[in-house]
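Notes follow once the structure below has been shown.
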Amino acid sequence: MEKSSSRKRESWGSRFGFIMAAAGSAVGLGNIWRFPYLTGENGGGAFIFIYLIFVIVIGLSIMLAEFTLGRRTKLAAAGAYKNMDKRWTFAGVLGVLSSFMIMGFYPVVGGWATAYIFKSFTGLLSNPAAIGDAFGAFISNPIEPVIWMVIYLATNILIVVKGVASGIEKAGKILMPVLLVLMILIGLRSVTLEGAGAGLKFMFMPDWSKVQGSTFLAALGQAFFSLSLGMGAMITYGSYLDKKENLPSSALTVTILDTSVAILAGIAIIPALFAFGMEPNQGPGLVFIVLPQLFAQLGGIGVIFSAIFFIALMIAALTSSVSLLEVVVAYLMDQKGMARKKAVSLAGGSMIITSLLSSLSMGVMSGFTVLGVGVFDFFDILTDKIFLAIGGMLICIFIGWFVKKEDIKNELTNGGATKFALFDVWYNIVKYIIPIAIAFVAVFGILSIPFKGLMLFGLAVIVVLAIFSKKL
Ligand code: PFF
């Protein structure tokens with residue numbers, strides 16, 4: 001990712017630039033679109049509790065592991081593994097595949113967000129009772145959301161062709177804080193609506209009877225997705241880090257930022273949802289239905305709030321999806337020797353096709369299923385419920401069992417210059433606890449969800465990659 005090398009040259013100094021870049025990748029649709037609806041679908045407080053435990057114990061540790069591996073090798077995902085141990089190339093390539101597949105549905109939702117900027121002005125808010133139906137009609141339309149998806153994806157492509165993301169980065173630096181302030185304002189309005197208390201209770205008073213194996217799998221997948229882990233994005237960011245940076249504190253900052261935005265999004269949406277008397281298990285439409293209803297209540301200024309919110313959401317999504325596209329492009333350039341333009345055309349062109357199929361699976365193609373699920377869900381479930389978690393497990397096994405402990409300690413503490421009192425705790429978590437925990441969650445989770453064929457297919461893909469690793 002040259003993006004990050006350009007970041008280092010920027011005048012704000014490398015630490016702030018790096019944190020903004022990594023946080024830009026982490027904070028995205030995962031926090032604002034996905035986290036609230038997963039919370040709603042998985043029973044509320046208990047899901048949030050399990051999610052937070054996974055973020056602290058597993059997510060934070062893996063982020064540190066990815067930064068360390070990246071900085072040590074100074075290479076992007078696939079190259080980083082390859083450089084250290086050829087047999088492990090497949091773990092990096094699995095990450096590239098995950099990026100590619102996430103880009104098979106992420107642009108669809110990015111397109112929805114983009115469309116809603118304009119819809120804010122064209123009467124969306126004038127009939128609050130119809131907002132839910134309007135969303136359903138919009139996403140199942142065969143043309144309109146496809147056009148927005150293409151606009152969104154083309155923006156990504158343009159940014160990545162240029163090689164440096166300075167424009168979007170600047171926009172992000174202004175709009176991320178805007179997004180944060182806006183979420184706080186929206187949250188304040190949401191919790192003061194009549195009947196909002198039930199939503200806060202739903203979020204923060206765990207009802208353990210709602211917990212199943214699938215709750216753990218959903219929380220684990222979301223932790224990886226939201227923190228951009230398990231697919232090498234953070235390895236790549238780490239590869240541009242200065243040898244002087246304090247890795248543990250960088251990982252902690254990014255994790256806290258990302259988690260705060262997710263919780264804020266929950267507070268903005270879920271209490272309002274209860275106040276409006278809606279069911280929490282609305283699924284992926286949640287943010288696009290509840291927030292416009294809330295904006296509609298604000299009167300004339302609601303339109304402005306709505307437009308600014310969806311602009312900020314789109315930019316947050318862009319800073320994430322650009323990093324996904326760049327992972328694929330960097331692989332094609334570094335490992336397959338392609339020129340940047342060609343790599344972007346190939347990757348971007350393929351993503352237009354996969355995202356097109358995903359978008360259509362919300363409507364005209366809803367009857368078409370692969371291993372029991374529609375195209376959108378196929379990409380979503382495979383990455384979030386299998387590939388990312390296994391990718392995270394692999395980096396832990398690699399670092400814990402295949403790299404010398406001394407080397408890792410040296411890298412992590414900048415050759416002993418910075419102290420990391422918890423090194424041994426972290427190391428043992430990475431070496432033993434995470435691989436075992438992920439294996440448990442994967443087995444119990446897979447047993448408790450309906451699409452077992454899809455899960456087995458995912459595992460088979462990983463095995464095939466491992467077998468053919470030399471060719472990758
Ligand atoms: N973390 C992003 C989000 O929450 O929207 C999604 C994502 C970006 C996942 C980059 C993985 C990644 F490498």
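Can you list the lysines whose alpha carbon sits under 22 Å from that of K341, skipping same-chain ones fewer than 8 residues off? Filter leaves K3, K162.
Estimated at 0.36 nm per residue, the fully extended path between F457 and F440 surpasses their Cα-Cα distance by 4.2 nm. In this structure, the pairs whose alpha-carbon distance is over 20 Å, taken from K210/K431; K243/K409; K86/K471; K385/K470; K409/K470, are K210/K431; K385/K470; K409/K470.
Across every pair of non-identical alpha carbons in the chain, the mean reciprocal distance, once inverted, gives a Kirkwood radius of 22.2 Å.
For chymotrypsin sites (Phe, Trp or Tyr not before Pro), the sites in segment 108-145 that DSSP calls loop and that have at most 16 other Cβ atoms within 10 Å are F121. Rounded to the nearest 10 degrees, what's the angle between the helix 247-275 long axis and the longest principal axis of the chain, both from Cα atoms, 0 to 90? For helix 247-275, the angle is close to 20 degrees. With neighbours defined as other Cβ atoms within 10 Å of a residue's Cβ, the residues V430, V191, V254 order from fewest to most as V191, V430, V254. For segment 366-444, the extents of the C-alpha atoms along the principal axes are 59, 23, 20 Å, listed from largest to smallest. In loop segments of segment 374-472 as defined by DSSP, the trypsin sites (Lys or Arg not before Pro) with at most 16 further C-beta atoms inside 10 Å of their C-beta are K404, K419. Pairing the Cα long axis of helix 14-26 with the longest principal axis of the chain, what angle in degrees results, from 0 to 90 and rounded to the nearest 10? That helix lies at roughly 60 degrees to the long axis. For D85 and W208, the FRET efficiency from 1/(1 + (r/R0)^6), where r spans their Cβ atoms and R0 equals 56 Å, is about 0.85.
With bins 5 Å wide beginning at 0, the percent of Cα pairs of segment 82-197 falling in each bin runs 2, 9, 10, 15, 17, 16, 13, 8, 5, 3, 2, 1.
When the alpha carbon gyration tensor of segment 202-269 is reduced to an equivalent ellipsoid, its three semi-axes come out at 30, 15, 10 angstrom, largest first. For K405, a cut-off of 17 angstrom between C-alpha atoms picks up these aspartates and glutamates, skipping any fewer than 8 places away in its own chain: E66, D85, D424.
Values in this text are rule-based calculations from the coordinates and carry no lab data. The structure presented is a predicted model; accordingly, all values stated were derived computationally and were not measured. Because the Cβ atoms are built from the backbone with ideal geometry, glycine has one as well, and the counts that use them run over all protein chains shown.
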